[in-house]
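Structure record follows, encoded as structure tokens.
The values are calculated or read from the model by the stated rules, or taken from the named source; none is laboratory data. Owing to the predicted nature of the structure, the values given are computational and were not obtained by experimental measurement. In this analysis, Cβ positions are derived from the backbone assuming ideal geometry, glycine residues included, and neighbour counts consider all displayed protein chains.
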Amino acid sequence: MKYVELNDLHASLGAKMIEFAGYNMPVLYTNLIQEHLAVRNSVGVFDVSHMGEFRLKGEKALDLIQLVTSNDASKLTDGKVQYSCLPNATGGIVDDLLVYRHTATEYYLVVNASNIEKDWNWISQHNTFGVEMLNLSDGMSLLAVQGPNAIKALQKLTEVDLSKMEYYTFTVGTMAGISNVIISNTGYTGAGGFELYCNNADARKMWDSVFEAGAEFNIQPVGLGARDTLRLEKGFCLYGHDINDETSPIEAGLGWITKFTKPFINHEYHKAIKDNGATKKLVGFEMIDRGIPRQHYAIKDAAGNVIGEVTSGTQSPSLNKGIGMGYVTTANSKLDTEIFIEIRDKAIKAKVVKMPFL
């Protein structure tokens, strides 16, 4: 078990701690719905220091990134961020990740906690370019300050004009008197806000400063439980659920991050799926009858035939209805298609809807 820098603080706040991706993490502080709505309506803070951060540096850094990622990183300029994935050699995805361009020869990759070692090994294996790689994960803390009032709280703590930071951009500046903080605007909640990357030694000062600045907005600590319901309402994929080692980004609706303007690992396989049409697709659905869908529940058609499987599901706190994502056969993927989710041996009616849900 690994522990984030602020582990003891979370425990002292009464957080329910669980093992997640090999880390002891806060899943809940008070009430999932309360935490979820705090982010949607005001501001909340997630400690997501379990995420992985790699620095790639060198004249050929872009060449390595272009080979191992599906998106076209040549489109990045300094201070821009790109969502991408690491295709594997067998038609699936090693991981999804964010690519930060610091300079033309220095990039940061932010990867999922559960895949830090796997991603590091995968990228290292393909580093025939002499790129200097540094795994920063264990020494960095990451706070995601999310919600419509996040900008008002954080602006008190920095001279960086946060209002001018567009979605999927970042800068390196001073926040709460702490220098060299990576301040980014990527968000996994769809509620607006910023991510603050700092050294572990500065994590407690950052946390305390953010909560003091956000006090007037009733800022709340938020666990991984609400992080999952928030991202699902926005139709964001979660690795290990909606994408994995066996799913193509084309099947997952991630064609927009799969650019065939340049070669990447196994690009021919994914190009064939795009050209010939996928046999299954990731869709969003909402429950018509009462029921909460969960991962691995079977999806059936009206005749009772299994046509797919739920990958993510929950009772949406914002919409007060069951929502989910899952793979279904392409013939059953059209909007408004009636489907049935098998919940406790009963077929509960649902329909395919457009994402995001909210």
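Has the stretch 320-330 got any residue that is surrounded by fewer than 17 Cβ atoms within 10 Å (Cβ to Cβ) and over 27 Å from GLY91 (Cα atoms)? Within the stretch 320-330 (the criterion being surrounded by fewer than 17 Cβ atoms within 10 Å (Cβ to Cβ) and over 27 Å from GLY91 (Cα atoms)), the answer is yes, since at least one residue qualifies.
If you go through the stretch 72-92 and keep only what is in contact (Cβ under 8 Å) with a residue 60 or more places away in the chain and among the polar types (S, T, N, Q), you end up with SER74, GLN82, SER84, ASN88, THR90. Scanning for something at pLDDT 95 or above, touching a Gly at 6+ places or on another chain (Cβ under 7 Å), farther than 28 Å from THR69 by Cβ and not assigned by TED's automatic domain parsing to the domain that holds ILE123, does the stretch 337-344 turn up at least one residue? Yes, that holds for at least one residue. The lone criterion from (1) in contact with a Lys or Arg (Cβ under 6 Å, 6 or more places away or on another chain); (2) within 17 Å of SER333 (Cα to Cα) left unmet by ALA213 is number (2). Scanning the stretch 166-182 for residues that are surrounded by 14 or more Cβ atoms within 10 Å (Cβ to Cβ) and over 24 Å from the mean Cα position of the chain (by Cα) turns up THR174, ALA176, ILE178.
Residues in the stretch 241-256 that are buried (at least 17 other Cβ atoms within 10 Å of the Cβ) and within 9 Å of GLY91 (Cβ to Cβ): THR247, SER248. The numbered conditions (1) among the polar types (S, T, N, Q); (2) in contact with a Pro (Cβ under 7 Å, 6 or more places away or on another chain); (3) surrounded by fewer than 22 Cβ atoms within 10 Å (Cβ to Cβ) are all true for SER70 except (3). A Cβ distance below 8 Å, combined with a sequence gap of six or more or placement on separate chains, defines the contacts here; from the stretch 222-237, residues that are in contact (Cβ under 8 Å) with a residue 40 or more places away in the chain and surrounded by 21 or more Cβ atoms within 10 Å (Cβ to Cβ) reach residues that are of a type in the set (Asp, Glu) and assigned to a helix (DSSP H, G or I) in the pairs VAL222/GLU35; GLY223/GLU35; ALA226/GLU35. Looking across ASP301, ASP275, ASP289, one residue alone is among the acidic types (Asp, Glu), touching a residue at least 60 places away in the same chain (Cβ under 8 Å) and either in the same structural domain as GLU338 (by TED's automatic domain parsing) or more than 29 Å from PRO317 (Cα to Cα) (or both). It is ASP289. Restricting the stretch 139-155 to residues that are touching a residue at least 24 places away in the same chain (Cβ under 8 Å) and within 17 Å of ASN180 (Cα to Cα) leaves a set whose member that is surrounded by the fewest Cβ atoms within 10 Å (Cβ to Cβ) is GLY139.
Conditions tested, residue by residue: (1) surrounded by fewer than 19 Cβ atoms within 10 Å (Cβ to Cβ); (2) within 30 Å of GLY14 (Cβ to Cβ); (3) under 21 Å from the mean Cα position of the chain (by Cα).
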| residue | (1), (2), (3) |
| --- | --- |
| GLY193 | no, yes, yes |
| LEU196 | no, yes, yes |
| ASP202 | no, yes, no |
| ASN218 | yes, yes, no |
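Restricted to the stretch 1-37, and to residues there that are in a loop (DSSP other than H, G, I, E, B) and within 19 Å of the chain's Cα centre (by Cα), the residue that is surrounded by the fewest Cβ atoms within 10 Å (Cβ to Cβ) is GLY22. Confirm whether ALA61 is hydrophobic (A, V, I, L, M, F, W, C), touching an Asp or Glu at 6+ places or on another chain (Cβ under 7 Å), surrounded by 19 or more Cβ atoms within 10 Å (Cβ to Cβ) and modelled with pLDDT of 95 or more. Yes, satisfied.
Residue-wise test of (1) at positive phi; (2) crowded, with 19+ Cβ neighbours inside 10 Å; (3) within 19 Å of the chain's Cα centre (by Cα).
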| position | (1), (2), (3) |
| --- | --- |
| PHE264 | no, yes, no |
| LYS274 | no, no, no |
| GLY291 | yes, yes, no |
| ALA298 | no, no, no |
| ALA350 | no, yes, no |
| LYS354 | no, no, no |
